[in-house]
Amino acid sequence: MASPLRISRLISRSFSSTSFFSRGGNSYLGSRLSKYSTAAAIEEPIKPSVQVEYTQLLIDGKFVDAASGKTFPTLDPRTGEVIAHVAEGHSEDVDRAVAAARKAFDHGPWPRMTAYERQRILLRAADLIEKHNDEIAALETWDNGKPFEQSAKIEIPMLVRLFRYYAGWADKIHGLTVPADGPYHVQTLHEPIGVAGQIIPWNFPLLMFAWKVGPALACGNTIVLKTAEQTPLSALYVAKLFLEAGLPTGVLNVISGFGPTAGAALASHMEVDKLAFTGSTDTGKVVLELAAKSNLKPVTLELGGKSPFIVCEDADVDQAVELAHFALFFNQGQCCCAGSRTYVHERVYDEFVEKAKARALKRVVGDPFKGGIEQGPQIDSDQFEKILRYIRYGVESGATLETGGDRLGNKGYYIQPTVFSNVKDDMKIAKDEIFGPVQSILKFKDLGEVVQRANNTRYGLAAGVFTKNIDTANILTRALRVGTVWVNCFDTFDAAIPFGGYKMSGQGREKGEYSLKNYLQVKAVVHPLKNPAWL
């Protein structure tokens, strides 16, 4: 897996000032815009060196059309133009996929083969993904808009690492022998839960695919996975590689479609034994309700966030600016755990704001297939308009727009890296999950104050702490009510590190050993003992 330093180097490259363009007018503020490298955004888009091969649903080991025959377009966020038309799954298709997964679990070889054999198939799949790294990365970038360097050098290698990690767990899942108060032999069995329904988001399509598919398969389950309607292509490609690796038919089924139809059908299906969802908090509530109203299936939720990034008074400001920039702008700001509330101590606040503005001005935005690009387009027009709307909210509420604030170019969904200072806790830009390249910088006086303010949110996914003082770090890591605290680093992800949130950022944990519990049932088995030699 790529190290945090390697990620930072890849994502944080800056170009010389000679590549920047002059200031232009802001369409709704009437103020000057900051300089950015817009050439890549307005040039003719680079043609990806990959063909779209799989656009149908994957059900019972075969690519098939939707029962209705309907398709929907998946769009290139660089231009808004159609990449391909993909089969649009509905409830009937979900029924077919669940029936295939149920048959594969109840009667197929997957849960009955040895854990070692399951491990070998997962390892072969990881090898195939590694072999096709660049093709998969190109599909991910084309459909999503993230920089190709990020896809090819960070995310697809992470995907490979995750599947190898879970392959390693396959033959290490076992129960316990439990002592009892009496002449009984007691053991626990850790059994696969059955058919797992999984719904993944568009911001990290394949990483979320691995977070869910990896542990589910390692535990011996079968799967029906619904992709995000914005990004269906890469999951279909990778699912085909699993079949090539020897995964039995019906074990992994992939449905493309929309949330209110395919997603709702999967969440409420009576033959689905377990549900895992990554997405917004509001949609997570709907998913949880559908699961409860159907067969009360257990649900793992990884939801929204509004993560604080706390820069203490002893911080090296230059380093803090770079890390805070990465924490917010990585992946076009489309991260559930983005450090979107940058709290800076009053003693270094003014210096931090000026340097954060300068760093945003250096950020290179453009065609994600072009070398050296740090930021591609947002995912689609809805997200694009939402981000611009929140920028307007920030200006209208009295925050200071230091730089950015508008779109880049006139084609696609590119937005200027935007920085606000003088942000207050009650402003929408400080309370709501924007999911875009908008940094909000807030001022604080002392630790007690910043802890109270950082925790005063419905979210609790992650936090960042930047300090040289170990006592300060210890105070904050224990006081912040979040699932992950990064100290002097951010977005440090590893296959073994659990991830999940407090409060309305979700329930349960993904990755690491903890994720296996999501896909296992515990059964107690009790036998009487006759004349035991020992108890």
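The values are calculated or read from the model by the stated rules, or taken from the named source; none is laboratory data. Note that this is a predicted model, so its numbers are computed, not measured. Cβ coordinates were reconstructed from backbone atoms using ideal geometry, including for glycine residues, and neighbour counts include every protein chain displayed. Heavy atoms of the whole protein, side chains included, go into the accessibility calculation; ligands, DNA and RNA do not. Shrake-Rupley method; radii C 1.70, N 1.55, O 1.52, S 1.80 Å.
Which numbered condition trips up Gly371, out of (1) open to solvent by less than 30 Å² (accessible area, probe 1.4 Å); (2) of a type outside the set (D, E, K, R); (3) in a loop (DSSP other than H, G, I, E, B)?
(1)
So if I check each of Ile83, Ile7, Ile42, Ile11, which one is open to solvent by 70 Å² or more (accessible area, probe 1.4 Å), β-branched (Val, Ile, Thr) and either at pLDDT below 95 or touching a strand residue (DSSP E or B) at 6+ places or on another chain (Cβ under 6 Å) (or both)?
Matching residue, one of Ile83, Ile7, Ile42, Ile11: Ile42.
Quick one: would you say Ala137 is surrounded by 19 or more Cβ atoms within 10 Å (Cβ to Cβ) and more than 21 Å from Lys226 (Cβ to Cβ)?
Spelling it out, Ala137 is indeed surrounded by 19 or more Cβ atoms within 10 Å (Cβ to Cβ) and more than 21 Å from Lys226 (Cβ to Cβ).
If only one of Phe242, Phe204, Phe209 is closer than 21 Å to Ala99 by Cβ and of a type in the set (Phe, Trp, Tyr), which one is it?
Just one listed residue meets the conditions, Phe242.
Among the residues of the stretch 412-429, write down those that are of a type in the set (Lys, Arg) and in a helix (DSSP H, G or I).
Selection gives Lys428 alone.
Would you check which residues across the stretch 511-535 are aromatic (Phe, Trp, Tyr) and either open to solvent by less than 30 Å² (accessible area, probe 1.4 Å) or in contact with a helix residue (DSSP H, G or I) (Cβ under 9 Å, 6 or more places away or on another chain) (or both) and list them?
Tyr519
Select from the stretch 319-358 the residues that are in contact with a helix residue (DSSP H, G or I) (Cβ under 7 Å, 6 or more places away or on another chain) and without any contact (Cβ under 8 Å) to a residue 40 or more places away in the chain and write down the one among them that is nearest to Phe148 (Cα to Cα).
Going through the qualifying residues, I end up with Val321.
Do the conditions hold for Ala196, that is, is it in a helix (DSSP H, G or I), touching a helix residue (DSSP H, G or I) at 6+ places or on another chain (Cβ under 8 Å) and open to solvent by less than 10 Å² (accessible area, probe 1.4 Å)?
For Ala196, the condition - in a helix (DSSP H, G or I), touching a helix residue (DSSP H, G or I) at 6+ places or on another chain (Cβ under 8 Å) and open to solvent by less than 10 Å² (accessible area, probe 1.4 Å) - is not met.
Tell me, which strands (runs of 3 or more DSSP E) wholly within the stretch 430-510 include 3 or more residues that are under 21 Å from the mean Cα position of the chain (by Cα) and buried (at least 16 other Cβ atoms within 10 Å of the Cβ)?
Those strands (runs of 3 or more DSSP E) span 462-466, 484-487.
Conditions tested, residue by residue: (1) of a type in the set (S, T, N, Q); (2) under 21 Å from Ala228 (Cα atoms).
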site	(1), (2)
Gln378	yes, yes
Glu385	no, yes
Arg389	no, no
Arg392	no, no
Arg407	no, no
Asn422	yes, no
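Is there a residue in the stretch 172-184 that is open to solvent by less than 60 Å² (accessible area, probe 1.4 Å), free of Cβ contacts under 8 Å to residues at least 60 places away in the same chain and either assigned to a helix (DSSP H, G or I) or under 30 Å from Gly333 (Cα atoms) (or both)?
No.
Could you list all residues from the stretch 271-293 that are open to solvent by 30 Å² or more (accessible area, probe 1.4 Å) and in contact with a helix residue (DSSP H, G or I) (Cβ under 9 Å, 6 or more places away or on another chain)?
Residues satisfying the conditions are Glu271, Asp273, Thr283, Lys285, Val286, Leu288, Glu289, Leu290.
Quick check on my filter: what residues within the stretch 310-329 are open to solvent by 20 Å² or more (accessible area, probe 1.4 Å) and either β-branched (Val, Ile, Thr) or in contact with a Ser or Thr (Cβ under 9 Å, 6 or more places away or on another chain) (or both)?
Glu313, Asp314, Glu322, Leu323
Kindly provide the set of residues from the stretch 222-253 that are over 18 Å from the mean Cα position of the chain (by Cα), surrounded by fewer than 21 Cβ atoms within 10 Å (Cβ to Cβ) and not in a helix (DSSP H, G or I), ordered by number.
Once the filter is applied, which keeps residues that are over 18 Å from the mean Cα position of the chain (by Cα), surrounded by fewer than 21 Cβ atoms within 10 Å (Cβ to Cβ) and not in a helix (DSSP H, G or I), the stretch 222-253 yields Ala245, Gly246, Pro248, Thr249.
Considering Ser256, Ser268, which residue is under 24 Å from Ala99 (Cα atoms) and open to solvent by 10 Å² or more (accessible area, probe 1.4 Å)?
After applying the criteria, what remains is Ser268.
Taking the stretch 376-397, which residues are aromatic (Phe, Trp, Tyr) and more than 21 Å from Pro147 (Cα to Cα)?
Tyr390, Tyr393
What are the residue pairs meeting all of these: first residue in the stretch 514-535, first residue without any contact (Cβ under 8 Å) to a residue 24 or more places away in the chain, second residue surrounded by fewer than 16 Cβ atoms within 10 Å (Cβ to Cβ) and not aliphatic (A, V, I, L, M), Cβ atoms under 8 Å, and 6 or more apart or on different chains?
Sorted first by the residue in the stretch 514-535, then by its partner, the pairs are Tyr514/Pro498.
Taking Thr342 as meeting all but one of (1) closer than 19 Å to Pro308 by Cβ; (2) of a type in the set (S, T, N, Q); (3) out of contact with any strand residue (DSSP E or B) (no Cβ under 7 Å at 6 or more places or on another chain), write down the number of the exception.
Evaluating Thr342 over (1) closer than 19 Å to Pro308 by Cβ; (2) of a type in the set (S, T, N, Q); (3) out of contact with any strand residue (DSSP E or B) (no Cβ under 7 Å at 6 or more places or on another chain) leaves (3) as the failure.
Test Lys370 against the criterion of being farther than 19 Å from Gly464 by Cβ and of a type in the set (D, E, K, R), and give yes or no.
Here the answer is yes, as Lys370 does meet what is asked.
Kindly indicate whether Arg112 is modelled with pLDDT of 95 or more and either out of contact with any helix residue (DSSP H, G or I) (no Cβ under 6 Å at 6 or more places or on another chain) or of a type outside the set (D, E, K, R) (or both).
yes
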